[in-house]
Amino acid sequence: MCRIILGVCLAVVVCCGGVLHAETIVIPLPGAGPYLFPGVSVPFSFDLGVPLTEIQEARFNCQGSVTAGVDYFGNPFSWHFSAWLSADPGYWVAVGPDAGAATWPDPEPFAGESVLEELLGGTWDFLLDGQADGDVSLEGMYYTPEFPPQQFPSGYLDAASLIIEATPAWEPGDTDGDVNVDIVDLTALAANWSAVSPGPKNWSQGDFNFDWTVDIVDLTALSANWLDPLFSAPPVPEPATLALLAIGGVALLRRRRA
């Protein structure tokens, strides 16, 4: 019955080619909490579910607040974050904005986004397979005060993320990289529909716009790139109809298993 429902869905999807486009991929990092000199380490592990053909840029974003340090005579001095990303191969650094002295003794909010640069002039090619493991060390860097410090800066980290500008190697809708958008891809999307299957999703599960969910936007992308001539036909249904048919197929499959 599930195959019948999916077949009905397929029969009304138009066949057309897809074009690869650069995407902005935001990867949230854990590690929110108090931030004390000399810093905290934020481990990360991600799998986008799709390889990348080109990486235009990789950036680090950090938001929080900081209380300035104080020198021997009670004068506040500024602080800025320096993110050190350890990934194989290479060691990357991004330097953020100044904060702290302007509002001392109260904390000063800060938000910074800096390009990650390899210390030895390398590239971001280690991200081309769409997955990486490593850690970001948020070091407490500060301007050396004129006199010795009696108190170091401190603060709070609200959020941190890696931001990658890159082009996926597969067209939207192709979950398995077989250069074809077909029933296998529709089945994967339906099985991971976020309304009935909670949790973050990646490309191989049907998330084609990197928002970590599978929804009507992804289904629309899949239907636009349908390439199986056996099921192609001129009329294209509304995305909501496709969603109901796909989710209905999953529901029937679960009922049969039960």
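Selection of segment 35-49 for residues being of a type outside the set (Gly, Ala, Ser) and at pLDDT 75 or above yields 43, 44, 46, 47, 48. Of everything in segment 144-170, what is part of a loop (DSSP other than H, G, I, E, B) and crowded, with 21+ Cβ neighbours inside 10 Å? Give them in sequence order. Matches in segment 144-170: 153, 170.
Test of understanding: among 166, 221, 160, 188, which residue is modelled with pLDDT of 90 or more, under 24 Å from residue 61 (Cβ atoms) and of a type in the set (Gly, Ala, Ser)?
On the way: 221 fails: under 24 Å from residue 61 (Cβ atoms); 160 fails: modelled with pLDDT of 90 or more; 188 fails: under 24 Å from residue 61 (Cβ atoms).
Checking each option against the conditions leaves just 166.
Scanning segment 156-166 for any residue that is out of contact with any Phe, Trp or Tyr (no Cβ under 9 Å at 6 or more places or on another chain), under 16 Å from residue 23 (Cβ atoms) and free of Cβ contacts under 8 Å to residues at least 24 places away in the same chain turns up nothing. None of 10, 20, 52, 29 is under 24 Å from residue 177 (Cβ atoms), in contact with a Leu (Cβ under 8 Å, 6 or more places away or on another chain) and modelled with pLDDT under 85 except 10. Filtered by the rule that a residue be at pLDDT below 70 and among the aliphatic types (A, V, I, L, M), segment 74-129 gives 87, 119, 120.
Please state which one of 203, 226 is of a type in the set (Phe, Trp, Tyr), modelled with pLDDT under 95 and more than 30 Å from residue 103 (Cα to Cα). None of the others qualify; the one that does is 226. Residues in segment 171-197 that are of a type in the set (Asp, Glu) and part of a loop (DSSP other than H, G, I, E, B) were compared, and the one that is farthest from residue 30 (Cα to Cα) is 182.
The values are calculated or read from the model by the stated rules, or taken from the named source; none is laboratory data. What you see is a predicted model, and the numbers here were worked out from it, not measured in a lab. Cβ: placed from backbone, ideal geometry, glycine included. Neighbour counts: every protein chain shown.
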